[in-house]
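What follows is a single structure, written as structure tokens, with notes after it.
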Amino acid sequence: MTIEQVVELVRSQSGVLVLAPAVGSEAPQIAWGDFFFYYAPDGQVPQHGQPFATIITKDYPDDARSRLDPADRWRRNIHVGRAALVELAGAGPHDPAAADVFQPHPVYAPPGWIAVVNPGERTMPTLRDLLVTAHADAGRRALRRPARRPGE
């Protein structure tokens, strides 16, 4: 699956806000070309909380172990929770640069993020299911948050 196909799959979920910082945008330059998926039925980035999934297309200064700098490499990240992370990735050892393999996220594994570099035949069917679950979980968390007051 291409990045564009994954983005369209995520967009097909209800209440999803896709942030796609581009060259010249107000977002930090390091984020240009990446994608951040939020549960946000009102179309506004939630004031509290994180995206439920991301696509990262390059190495970040604190996250280079996946070796994403070659143009043909990217990583899909999904919040799955700690129990699912252990079930999917196992105890290790892990190679954060391995393609089409479930790995603990190189930085955000402790709160339950899974990562897959260049998802393919082996991981894509499960990733689709994980995305639906992460979206539903984000929706449930949003319902528990206090409503925004006007002007916030």
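The values are calculated or read from the model by the stated rules, or taken from the named source; none is laboratory data. Keep in mind the model is a prediction, meaning the values are calculated, not measured. For neighbour counting, all protein chains shown are included, and Cβ atoms are generated from backbone atoms with ideal geometry for every residue, glycine included.
Looking only at segment 93-119, which residues are more than 21 Å from residue 60 (Cβ to Cβ) and at pLDDT 95 or above? 100, the sole residue that qualifies. Here the condition is being within 12 Å of the chain's Cα centre (by Cα) and in contact (Cβ under 8 Å) with a residue 24 or more places away in the chain; of 80, 107, it holds for 80 alone. Any idea which of 46, 21, 41, 51 is assigned to a loop (DSSP other than H, G, I, E, B), of a type outside the set (Phe, Trp, Tyr), farther than 16 Å from residue 118 by Cβ and in contact with a Ser or Thr (Cβ under 9 Å, 6 or more places away or on another chain)? Just a single option satisfies the conditions, and that option is 41. Close contacts from segment 24-41, counting a first residue that is under 13 Å from residue 60 (Cβ atoms) and a second that is surrounded by fewer than 16 Cβ atoms within 10 Å (Cβ to Cβ) and of a type outside the set (Ser, Thr, Tyr), with Cβ to Cβ under 7 Å and a gap of 6+ residues or different chains, come to 32/22; 32/23. Looking across segment 118-134, the residues that are outside any helix (DSSP H, G or I) and surrounded by 14 or more Cβ atoms within 10 Å (Cβ to Cβ) come down to 118, 119, 123.
Can you name every residue in segment 67-92 that is over 22 Å from residue 22 (Cα atoms) and part of a loop (DSSP other than H, G, I, E, B)?
We begin by selecting, within segment 67-92, every residue over 22 Å from residue 22 (Cα atoms); these are 79-92.
Listed by number, the residues that qualify are 80, 81, 90, 91, 92.
Provide a single number: the residues in segment 13-27 that are exposed (fewer than 11 other Cβ atoms within 10 Å of the Cβ) and closer than 23 Å to residue 126 by Cα. The total comes to 1.
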